[in-house]
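The next block holds one structure in the form of structure tokens; read it before the comments.
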Amino acid sequence: MSHTRFSSARGLQVARRPRPSTRTGADQAFVLLRTVFTVAPIAFGLDKFFGVLTNWEQYLAPWVNDLVPGTAHQAMLAVGVVEILAGILVAVRPSIGAYVIVAWLAGIIVNLLTIGSYYDVALRDFGLLVGALALARLAGPAFHASGTAAARDPR
């Protein structure tokens, strides 16, 4: 960290610390959450097509597979498209996209709980849901009025 020097009236050299960032904790949280909830859904959505991270079909509850047309693989491809679109929506309209992510994660949690296993993944997804809800609140109108970073949300 560099210091700026200035002379006082008596000719003494005094070091002054640089001004701290004007970003608040809420501003920083907004940027972090918006970034994560843009990148993660897009990355997971793309992986539905490439299968690098896991075999996604294992996470589809049998009753959901019976509801959707086609195979479990085709259902996961559709899920991938929705996740990519949700990530893009968070990037351009976080005040809406974050609530889409909340609803999507709620559906995933119900799906995982009804499989009868993957409770650890469901709990992790609940934590993500809370984070997406925090992003939705930070991107909402109350924060726009207060002049935080969320005010930069293009509407």
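The values are calculated or read from the model by the stated rules, or taken from the named source; none is laboratory data. Predicted, not measured: the structure shown is a model, and the values here were computed from it. Positions of Cβ are generated from backbone atoms using ideal geometry, with glycine treated the same way; all protein chains shown enter the neighbour counts.
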**Item:** Conditions (1) over 26 Å from Ala29 (Cβ atoms); (2) surrounded by 15 or more Cβ atoms within 10 Å (Cβ to Cβ); (3) of a type in the set (S, T, N, Q): number failed by Ser95
**Value:** (1)
**Fill in**
If you go through Gly87, Gly70, Gly116, the only one that is crowded, with 19+ Cβ neighbours inside 10 Å and either in contact with a Leu (Cβ under 8 Å, 6 or more places away or on another chain) or not polar (S, T, N, Q) (or both) is Gly87
**Request:** At least 2 residues that are modelled with pLDDT of 95 or more in each: list the helices (runs of 4 or more DSSP H) lying fully within the stretch 83-155 that qualify.
**Result:** 94-115, 119-138
**Request:** Identify, from the list Ala26, Ala40, the residue that is at pLDDT 95 or above and in contact with a helix residue (DSSP H, G or I) (Cβ under 8 Å, 6 or more places away or on another chain).
**Result:** Ala40
